[in-house]
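Each value in this text was obtained by applying a stated rule to the coordinates, not by laboratory testing. Only a predicted model underlies this, so the values are computations on that prediction, with no experimental measurement involved. All Cβ positions, even for glycine, are placed from backbone atoms using ideal geometry, and neighbour counts span all protein chains on display.
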Amino acid sequence: MKKTILLCMLLIISATSFSQIRIGSVVLPYKLTFGEEELTLNGAGMRSVLSMNTYSGGLYTKQKYNDPKEILDSDESMVIRLNIVSKRVTNNRMVKVFKKGFKDAMYGNTETLQERMDEFLKIFGPSINVNDFFDFVYLKGGDVMTYKNGEKVGEIKGRDFKYALFKIWLGDEPACALIKNGMLGVQK
């Protein structure tokens, strides 16, 4: 009887320890659920500036991807989660990062998305704190919904917007190559 109880306890402990993954100081869940969709961590990485971690990025998908073009072109549900780990990440800096990211993703031609980009950037109006996290959620055939700390703070229409947003981290000129490689499960 004692052996059975001990075995059950070990199984529970091992099951819960595998349901998360650590990236630097951030603990990411192995699975996320939005709507009816259960998504699994494809990969994650940490952005560091001058040896100081600033934020982590994780990609959640329905299936495993290694090719960024497949992810960008896919109409499958997926999520990018950013976790803030430094007080140096402010709302002004995030707006700058996203503006540059959209510009790079769209090869400088942001005209077709400008109105939606401006609406999206409003989510960074309130202050950003260490341990805040943002989920950029694309559900198959839908729009991009943004959550801050689990609370919905915005929704932007269009798969073209999802393409540009996800391209910030997964494009040819990513905001952070370490995060891109991490999201793809590539070690460089």
Determine ³J(HN,Hα), in whole Hz, for all residues of the range 82-91 in sequence, where each value follows from phi through the Karplus function 6.51 cos²θ - 1.76 cosθ + 1.60 and θ = phi - 60°; x replaces Gly and Pro. 10, 10, 7, 10, 9, 6, 6, 7, 10, 4
Given the peptides 35-46, 55-66, 139-150, arrange them by the average over their residues of other C-beta atoms within 10 Å, most packed first. 55-66, 35-46, 139-150
In whole Hz, what ³J(HN,Hα) sequence does the range 167-175 give by Karplus (6.51, -1.76, 1.60; θ = phi - 60°), x for Gly and Pro? 5, 4, 9, 10, x, 5, 10, x, 4
Using a simple charge model, +1 on the beta-carbon of Lys and Arg, -1 on the beta-carbon of Asp and Glu, nothing else, what dipole does the chain show about its Cα centre, in debye to the nearest 20? 860
Only four residue types carry charge here, +1 at the Cβ of Lys and Arg and -1 at the Cβ of Asp and Glu. Report the dipole size of the range 97-188 about the Cα centre in Debye, rounded to the nearest 20. 200
Output the relative contact order of the chain, whole-number percent, from Cα pairs under 8 angstrom with separation of 6+ residues. 22
Note, the range 148-155: 3J(HN,Hα) by Karplus (6.51, -1.76, 1.60, θ = phi - 60°), whole Hz, Gly/Pro = x, goes 10, 6, x, 9, 5, 10, x, 8
For a quick check: with amide H placed at 1.01 Å from N, whose amide H comes under 5 Å from ASP132's, ignoring anything fewer than 5 positions away on the same chain? ILE84
Can you tell me the relative contact order of the range 76-170? Whole percent, Cα pairs under 8 Å, sequence separation 6 or more. 36
If each of THR33 and LYS100 carries a label point 7 Å out from its Cα toward its Cβ, how far apart are those two points in nm? 3.9
Rg to Rh, two decimals, where the chain supplies the alpha carbon set and Rh follows Kirkwood: 1.02
